[in-house]
Amino acid sequence: MDRVSDSELNGMLAVAKHGHDPITVKRLMAQLLARMDDGIESEDNRFARRVLLEYIQHAFQLILEEGASADQALGLVRRRGKYIREETAERDIQAASLVVLAMRSGKTWLDAVGDAANLLFPDGKGERAVQTAYSKYKAMLQDAPDSFLTDLSEQLINS
C-alpha cells in the first residue's frame with residue numbers, strides 16, 4: 001500500500017469524523033495501521049500519531065457521550081437517527097479552507113466569509129453556511145499548509 005501524504009491523512013480523518021464513507025474510513029485505518037507497523041513513535045510518523053489520537057478520542061467520545069457502538073464511532077456504520085442528508089462536507093471543507101486562506105492573507109473574518117459565500121452561493125446568500133462550515137472545520141484546517149488549502153480552493157473554483 002502506498003503511503004498517503006499528511007494532508008490526505010487529515011482529509012480522511014475529517015471524513016471519519018464528519019461524514020459517512022466506510023471506504024475512506026477503512027483506508028484511514030489501513031494507513032494508520034501501516035504507520036504503526038513502521039513505528040508510530042518515529043519522527044516521520046509524528047503527524048500520523050496526532051491523527052490516530054484524534055480519531056481514537058473522537059470515537060471514545062461518541063461511545064461514552066452518545067452511546068454509539070464501536071462500528072458507529074469509528075465511522076464504519078451510520079449512527080441510528082443520522083439519516084442521509086445532502087452531502088455538503090466537501091463544499092464545507094472547501095469553504096472553510098477559503099476562509100482560512102483569506103484570513104492568512106490579511107482579510108478580516110467577515111470579509112473572508114463573504115468572499116467564500118460569493119464563490120459558493122448565488123445571489124449573495126450562504127454566509128451562514130460558510131460560518132457554520134468554518135466553525136466545524138477550522139481546527140482541522142488551521143495548521144494545514146497553504147498549498148493544501150490552495151488545492152482545495154482551486155478544486156472549488158474549477159468545479
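At-a-glance table
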read-out: Cβ-derived FRET efficiency at R0 30 Å, residue 146 paired with residue 44, nearest 0.05; value: 0.85
read-out: Globularity index of segment 89-149, i.e. its alpha-carbon radius of gyration over 2.2 N^0.38 Å; value: 0.99
read-out: Least to most buried among 29, 36, 1 (fewest other Cβ within 10 Å first); value: 1, 36, 29
read-out: Residue list for segment 16-56, given a label point 7 angstrom along the Cα-to-Cβ vector of residue 3 and an amide N cut-off under 12 Å; value: 32, 34-49
read-out: Between helix 46-66 and the chain: long-axis angle, C-alpha atoms, 0 to 90°, nearest 10; value: 90 degrees
read-out: More than 17 Å apart - percent of Cα-Cα pairs taken over segment 6-73; value: 40 percent
read-out: Sequence of 53, 101 once ranked by neighbouring C-beta atoms within 10 Å, starting from the fewest; value: 53, 101
read-out: Volume in Å³ per residue [convex hull over Cα atoms, computed for the chain]; value: 133 Å³
read-out: Spatial separation of Cα centroids for segment 21-39 and segment 121-139, in angstrom; value: 30 Å
read-out: Crossing angle, helix 127-141 versus the chain [Cα axis fit, 0-90 degrees, rounded to tens]; value: 40 degrees
read-out: Net charge of neighbours whose Cβ lies under 15 Å from the Cβ of residue 27, counting Lys and Arg as +1 and Asp and Glu as -1; value: 0
read-out: Expected 222 nm ellipticity per residue - DSSP helices of 4 or more, -39500 (n - 2.57), all of the chain, to 500; value: -22500 deg cm²/dmol
read-out: Förster radius 30 Å - calculated FRET efficiency between residue 63 and residue 135 (Cβ-Cβ, nearest 0.05); value: 0.80
read-out: Degrees between helix 109-120 axis and first principal axis of the chain (Cα, 0 to 90, nearest 10); value: 90 degrees
read-out: Extended-chain gain in nm, criterion 0.36 nm per residue less alpha-carbon gap, residue 71 and residue 18; value: 17.6 nm
read-out: At R0 = 30 Å, FRET efficiency that the Cβ-Cβ distance of residue 37 and residue 88 yields, to 0.05; value: 0.25
read-out: Per-residue Cβ neighbour rank within 10 angstrom, fewest leading, 2, 143; value: 2, 143
read-out: Segment 3-52: GluC sites (Glu not before Pro) in DSSP coil with no more than 16 other Cβ atoms inside 10 Å; value: 41
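The numbers here are math on the coordinates, done by the rules we state, and not lab data. Worth saying up front: this structure is predicted, and the values here are computed from it rather than measured. Glycine gets a Cβ as well: all are built from the backbone with ideal geometry, and neighbour counts include every protein chain shown.
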